[in-house]
Amino acid sequence: MSSQSSEQSRVIESILSAAASLLPVNLPAELKTNFMSALAAALDNMDIVTRSEIEVQEAVLLRAREKISELEVRISELESQDR
């Protein structure tokens, strides 16, 4: 999980912990280890985005939309002056 942030690592660790707790108690240790390794590898390869990262991008997008609206109004004003 080297390319992931600490928050992403915590999310993955939480998922792994939850998955481990759902495995049958009598599951052989080797199968459990193999399953957990495969799951960890699969999660590590995913582009997991945290809630905070989504919220930051939502704020950036909202500001961009506001700026576009402001610029559209300004362009309309400038176009009406030319007429």
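The values are calculated or read from the model by the stated rules, or taken from the named source; none is laboratory data. From a predicted model like this one, the values you see are computed outputs, not experimental measurements. Here Cβ is always computed from backbone atoms with ideal geometry, including for glycine, and neighbour counts include all displayed protein chains.
Only residues that are under 16 Å from S6 (Cβ atoms) and not in a helix (DSSP H, G or I) were counted in region 31-54, giving 3. Only one entry in L27, L16, L78, L71 is hydrophobic (A, V, I, L, M, F, W, C) and either assigned to a loop (DSSP other than H, G, I, E, B) or in contact with a Phe, Trp or Tyr (Cβ under 6 Å, 6 or more places away or on another chain) (or both), namely L27. Of all residues in region 51-71, none that is outside the structural domain of S5 (by TED's automatic domain parsing) has its Cβ atom under 6 Å from the Cβ atom of a residue that is among the polar types (S, T, N, Q) and surrounded by 10 or more Cβ atoms within 10 Å (Cβ to Cβ), 6 or more apart or on another chain. Of all the numbered requirements in (1) over 26 Å from the mean Cα position of the chain (by Cα); (2) at pLDDT 90 or above, R83 misses one, and that requirement is (2).
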